[in-house]
Amino acid sequence: MKGYKTGEKREAGNVKQWLERRFQLSAYQTTVRQEMLAGITTFVTMAYVLATVPNMLGQAGLNRHVMLTAMVLLIVLTSCAMAFYTNRPFALAPGLGSVGVVASMISNEGISPEIAAGVIFWSGILFILISFLGLREAVVRVIPVSLKHAVSAGIGLFIALLGAKSCGLIVAAPEKNNLTFGDLTSPKVLVCLVGFVIVLVMKVKNVSGGMIITILLTTVAGVLAGVTELPERFVSMPAGLGEQFMRIDFLGALDFAYIPFLIALFVPDFFSTFGTVLGVGAKAGYLDKDGNLPGIDKCFQVDAVATSFGALFGMPSMTTYLESSAGVEAGGKTGLSVIFTSICFVFALFLAPIALIIPSAATAPVLIFIGVHMLSGMKQIDYSDITEYFPAFLCVTFTIFANNIANGICVALPAYVLLKYASGRRRELSPVMYILVAVCVLYFWTLV
């Protein structure tokens, strides 16, 4: 018995030494315990994707159980890749903006899931080329800052609208040809309103894991109201991926009509990753004296490959999650923290019946809150310059009015160039902007 215990201690010591060498724990002044707590914190704060993403894709006609399995496996694989390749505490998951775009492509535009997966794949390839060729700075310069914020805000409103529609709070009124309130006395709407009150209180009180707590409490309210039912069992084997893997049309997605959707997927993913990595990196103390993050290209490379790989399963763009900052706040400093985050998601995979009883009425409040929160970037726009704020306004409003994110972008880019010309400031335009405008014009020509 004594020899057995000695062997256990030796093995544990070897594991600890390997973790020390692999993740440089001492150099970052952290411990395995500290990284574990940080990883769990990251999981708790981003665990709402277990309900929101499958529900959004389910609304578009995809199998929720299959997409849940695919999503969790991709979160685990891509987050571990980030951990081992960059040693940064950044977790990845499908970006809600891109999920909204893909759901819209399938449900609103009638685009097949195979084509949608192909568009995701090619947006990832574009990201890969830019990341591995070191063209990040060039792309950052080309897209106007005001439009970067507007794209994010437009997608935010789109996500909020999807959430409001999914629970019946907002419905289409054919007789009036507009959107209006649904039945405000229906159980789904009442449950959603309860959830919205909860999420606001959680945010005001700054409760850690407030979103997942909101979803859980609202789901309980949904069960009591008869909106959803408890499953026959709480644990199950993950759904098979056979019906979803390689359900993709590579060539069909190259049709010119889908280019705006490619832009709608690529631009938010690229710039949200850029902002998230820098923001979380700053909290972790990674930035140098010039405000740059050493090794940022590696983070972009993982993010880019993750998007194209995820497309093989029909999953919208995998991106670095801002919720990683919660883990950093909890003391996470290395990639080991997201290894623990990934382990938590593996356990969640076998609790799929619990995740799938969560009704859209429980995820809608979170979607609405996240969507509205994404409007915060609009305060960065210079409202004293009409050449900046008006195209941004067009991008946001036409995303909603035309019920299509790509339409908002393709209206804003030509307007931006036109206003710069009219104001005698064409020197502010990059030659690449003309190419983007030509793409937008051709896109509208295909619509006509």
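The values are calculated or read from the model by the stated rules, or taken from the named source; none is laboratory data. This one's a predicted model, so the numbers in the text were calculated from it and none came from an experiment. Neighbour counts run over all protein chains shown; Cβ positions are idealised from the backbone, glycine included. For the accessible areas, the whole protein counts, side chains as well, though only heavy atoms, and no ligand, DNA or RNA atoms are used. Shrake-Rupley method; radii C 1.70, N 1.55, O 1.52, S 1.80 Å.
The figures follow:
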{"quantity": "Order of exposure, largest accessible area first, which applies to M315, M246 with probe 1.4 Å", "calculated": "M246, M315"}
{"quantity": "Descending Cα extents along the principal axes, the range 107-206, whole Å", "calculated": "55, 40, 23"}
{"quantity": "Ranking by accessible area, most exposed first, for F181, F234, F309 with a 1.4 Å probe", "calculated": "F181, F234, F309"}
{"quantity": "Most mobile of K420, K16, K148 in a GNM of the chain (Cα contacts under 10 Å)", "calculated": "K16"}
{"quantity": "Approximate shape of the range 18-89 as ellipsoid semi-axes (Cα gyration tensor, √5λ), whole Å, largest first", "calculated": "32, 13, 8"}
{"quantity": "Accessible area in square angstrom per residue, the chain, 1.4 angstrom probe", "calculated": "45 Å²"}
{"quantity": "Pairwise label distance in nanometres, L442 with H373, each label 7 Å out on the Cα-Cβ vector", "calculated": "3.9 nm"}
{"quantity": "Accessible-area ranking of I212, I155, largest first, probe 1.4 Å", "calculated": "I212, I155"}
{"quantity": "Translational diffusion coefficient (Stokes-Einstein; Kirkwood radius from C-alpha pairs) of the range 287-377 at 10 °C, 1.306 mPa s, in µm²/s", "calculated": "97 µm²/s"}
{"quantity": "For the chain, built as a Gaussian network whose Cα springs stay under 10 Å, the top-fluctuating residue of V207, V15, V302", "calculated": "V15"}
{"quantity": "With all protein chains modelled, accessible area of F261 [1.4 Å, Å²]", "calculated": "10 Å²"}
{"quantity": "Zero-based 10 Å bins, Cα pair distances in the range 60-110, whole percents", "calculated": "23, 41, 26, 10, 0"}
{"quantity": "Translational diffusion of the range 78-135, µm² s⁻¹ [Kirkwood Rh, Cα pairs; Stokes-Einstein; 4 °C; 1.567 mPa s]", "calculated": "98 µm²/s"}
{"quantity": "The range 406-448, Rg to Rh (Cα coordinates; Rh as Kirkwood inverse mean 1/r)", "calculated": "1.00"}
{"quantity": "Apportionment of accessible area to carbon and sulfur, the chain, percent (1.4 Å)", "calculated": "65 percent"}
{"quantity": "q = 0.12, 0.13, 0.14 Å⁻¹: log10 I(q)/I(0) that the Debye formula gives for the chain, counting C-alpha atoms only", "calculated": "-1.05, -1.22, -1.40"}
{"quantity": "Most mobile of V191, V277, V145 in a GNM of the chain (Cα contacts under 10 Å)", "calculated": "V145"}
